[in-house]
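Quick notes on the structure that follows.
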């Protein structure tokens with residue numbers, strides 16, 4: 001099935017908010033084997049909304065829409081949809097009661113504008129929204145479907161996972177089981193991998209597809225199986241995963257789909273190891289990535305962001321002489337930072353970074369983008385000096401990813 | 001002038017990458033007084049690209065395009081643009097030499113596929129790209145313009161700021177000076193502010209517009225002046241800013257446009273104060289936000305991410321008895337964390353957080369989303385227990401913003 005996404009919101013068109021909804025939705029639709037061929041971001045005007053729906057319906061059968069469903073007066077989406085699909089607005093007792101419960105659960109009173117959230121077009125099927133007050137609406141006409149969802153990311157995600165994807169599968173007549181297995185691979189470029197896997201790809205049964213999903217330094221390999229016999233598909237997928245493991249060996253660092261920090265966490269958890277970080281230029285971003293993973297407290301003890309030299313010395317025990325002789329961005333300092341946090345936080349593994357994120361602070365010797373990274377697992381330590389070029393946030397992001405990758409490399413061996 | 005943005009990239013349509021380019025571009029175009037009325041995200045197919053350009057040109061005069069300009073074979077954008085505008089591909093010695101210099105500057109050799117980056121349509125004006133190898137291309141036809149830029153955010157931004165915006169201004173015949181002043185306001189809702197500013201808005205000279213740009217807890221008020229006499233405009237703007245300060249008093253916490261962490265930094269810098277954070281549930285995200293600001297090392301000394309109770313005790317000196325009696329998510333613990341990092345890092349100000357980011361770990365007493373926050377400035381301390389509901393990342397994000405706001409509140413008084 002081909003799908004399009006329409007995102008409604010003036011705040012997106014003036015650049016106040018970055019749209020993360022459509023990427024998330026696209027990834028979920030893609031996992032169902034459906035193609036998202038167009039994403040349109042438009043404003044909250046009746047004609048614009050109608051034109052966007054008509055254009056989308058001229059190309060595809062399923063349209064997913066987010067935003068424009070708030071209780072304030074400038075949200076015209078609901079009446080426009082009602083008109084487009086030829087219905088009239090009615091008061092839904094069901095939505096009203098669900099919203100009463102929602103407010104009561106948070107110890108709040110409902111006011112008039114939120115009461116209006118219970119008004120819905122009589123031509124749609126309302127799908128319950130357990131985590132907000134805007135109704136999710138399902139419209140069908142002439143073999144086409146439009147699903148309107150709130151723009152709040154959490155509400156949209158709960159709706160998609162809760163009911164919308166399942167209904168779309170029924171709409172598409174997709175009775176096939178669809179299963180995915182992802183392997184995360186490093187030390188290979190996408191093109192290098194594709195060469196190594198030529199024979200493997202040729203040998204795949206027709207019910208299985210292989211997708212390459214690269215991010216800097218990593219290629220995620222996703223195997224998708226589709227068919228009516230789920231146990232059988234699962235068995236074939238297991239065999240294919242084993243075959244990939246056999247071909248790629250330790251270049252596969254994680255069996256599953258997660259972030260680099262998620263992979264680090266899974267490896268640490270499996271081995272019963274603990275981690276701490278000592279961060280200068282990454283400024284806490286590695287700790288932030290690691291703690292973004294639910295359950296990270298099982299292996300992550302903490303971090304010292306040692307932005308000043310004073311903190312490097314006093315909290316991490318870095319030698320003042322080393323700071324003076326080699327500078328903060330140097331092998332001896334980053335090495336001592338890793339050792340220091342390992343000792344201070346009494347952990348098995350450590351990551352340390354020290355670099356120049358810019359835009360100022362570079363020298364001819366150590367230009368902006370120079371980053372020293374050290375990773376420890378007990379007595380073993382690896383160090384590397386890397387150079388990135390780009391903005392401050394890009395350098396911080398890349399140094400974070402590189403540091404996590406170095407720890408995985410050390411752990412996997 | 002009305003503009004549209006076309007974003008090209010299969011990686012966006014499968015949800016592998018979140019598009020941050022269009023929000024950034026929209027904000028820049030909006031600052032020029034131009035409206036972005038449509039953003040289309042499409043794939044890298046010739047017909048799709050041509051249809052998107054034709055649709056956009058049927059509605060507006062200026063189209064900005066990003067992506068699809070890489071050296072790999074699946075990037076068809078350049079030849080499609082060439083065909084659309086009726087030209088032929090030529091080899092640009094100028095782009096080639098610029099790319100040679102770019103590679104030499106990074107100690108790299110140019111290969112065949114990057115050599116192809118110097119092939120450009122003869123019907124466009126090439127704008128130099130000093131931070132990458134893909135050329136920026138300016139096409140004009142029948143009073144309409146299309147600018148094609150690389151999808152790499154850093155390259156796109158340098159191009160926009162470097163030459164593209166200025167050329168667009170000339171294209172639009174915009175000879176007016178355009179000046180902005182932003183004030184960041186808290187302790188007010190958008191609607192409350194708009195009521196307080198009714199008279200002020202009515203009194204604004206016609207050359208000045210006021211925009212409300214809300215983010216959670218904060219409203220940015222942006223005054224835009226447009227006219228031919230720049231010194232005069234600047235003077236009027238200064239007067240209006242002063243008037244706003246007079247009306248809103250200490251609810252204006254920052255004179256300028258930045259993030260909350262940027263505002264915290266500016267206030268600290270102005271007052272010669274230093275800061276450290278002690279983070280449990282926010283996991284280093286506050287430190288990350290603060291160090292995302294260039295020059296933050298002038299006031300930020302560091303952070304302790306105290307994820308385990310052991311670290312809370314040993315590094316921050318939290319009392320074991322308090323942890324046992326009240327739990328980690330409690331007033332005494334967060335208070336001791338702030339005091340501990342203040343002492344350990346020898347700073348003037350501190351922020352501490354301890355909460356339950358979920359999805360697990362909640363109790364009836366302390367459900368997921370419960371966060372204790374303490375902020376210190378020397379001897380003064382404020383504490384607050386807040387409740388957020390949503391995903392783990394949302395709770396971390398909101399707790400971060402709330403903590404920064406509490407520190408601003410304490411500093412401003």
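Just one of (1) crowded, with 18+ Cβ neighbours inside 10 Å; (2) within 21 Å of residue B:77 (Cα to Cα); (3) without any contact (Cβ under 8 Å) to a residue 60 or more places away in the chain trips up residue B:130, so point out which. Condition not satisfied by residue B:130: (1). Taking the stretch A:18-54 as the range and being more than 20 Å from residue B:10 (Cα to Cα), touching a helix residue (DSSP H, G or I) at 6+ places or on another chain (Cβ under 8 Å), more than 7 Å from every other protein chain (Cβ to nearest Cβ) and at pLDDT below 95 as the test, the residues that pass are A:44, A:46.
When every residue of the stretch B:252-275 is checked against the conditions, at least one turns out to be over 20 Å from the mean Cα position of the chain (by Cα), facing chain A (nearest Cβ under 9 Å) and not in a helix (DSSP H, G or I).
Filter the stretch A:55-64 for residues that are surrounded by 23 or more Cβ atoms within 10 Å (Cβ to Cβ) and either in a helix (DSSP H, G or I) or facing another protein chain (nearest Cβ under 8 Å) (or both) and give the result.
Scanning the stretch A:55-64 gives a single hit, A:56.
Given the structure, is residue A:184 in contact (Cβ under 8 Å) with a residue 40 or more places away in the chain and assigned to a helix (DSSP H, G or I)? So residue A:184 fails the test. With the structure loaded, tell me whether residue A:243 is closer than 21 Å to residue A:377 by Cα, surrounded by fewer than 17 Cβ atoms within 10 Å (Cβ to Cβ) and away from every other protein chain (no Cβ under 14 Å) or whether it fails that test. Considered against the rule, which asks whether it is closer than 21 Å to residue A:377 by Cα, surrounded by fewer than 17 Cβ atoms within 10 Å (Cβ to Cβ) and away from every other protein chain (no Cβ under 14 Å), residue A:243 comes out as no.
Restricting attention to the stretch A:156-176, does a residue exist that is in a strand (DSSP E or B), surrounded by fewer than 17 Cβ atoms within 10 Å (Cβ to Cβ) and on the phi < 0 side of the Ramachandran plot?
No; the residues of the stretch A:156-176 include none that is in a strand (DSSP E or B), surrounded by fewer than 17 Cβ atoms within 10 Å (Cβ to Cβ) and on the phi < 0 side of the Ramachandran plot.
Restricting B:95, B:80, B:123 to residues that are in a loop (DSSP other than H, G, I, E, B) and either over 26 Å from residue B:30 (Cβ atoms) or not assigned by TED's automatic domain parsing to the domain that holds residue B:32 (or both) narrows the list to B:123. Of all residues in the stretch A:329-354, those being buried (at least 24 other Cβ atoms within 10 Å of the Cβ) and either touching a helix residue (DSSP H, G or I) at 6+ places or on another chain (Cβ under 6 Å) or not assigned by TED's automatic domain parsing to the domain that holds residue A:273 (or both) number 7. Listed here are the helices (runs of 4 or more DSSP H) enclosed by the stretch B:296-377 that have at least 3 residues being more than 12 Å from chain A (Cβ to nearest Cβ): B:320-326, B:331-344.
The values are calculated or read from the model by the stated rules, or taken from the named source; none is laboratory data. Here the structure is a predicted model, which is why all the values come from computation and not from measurement. So basically every Cβ, Gly included, is an ideal-geometry build from the backbone, and we count neighbours across all protein chains shown.
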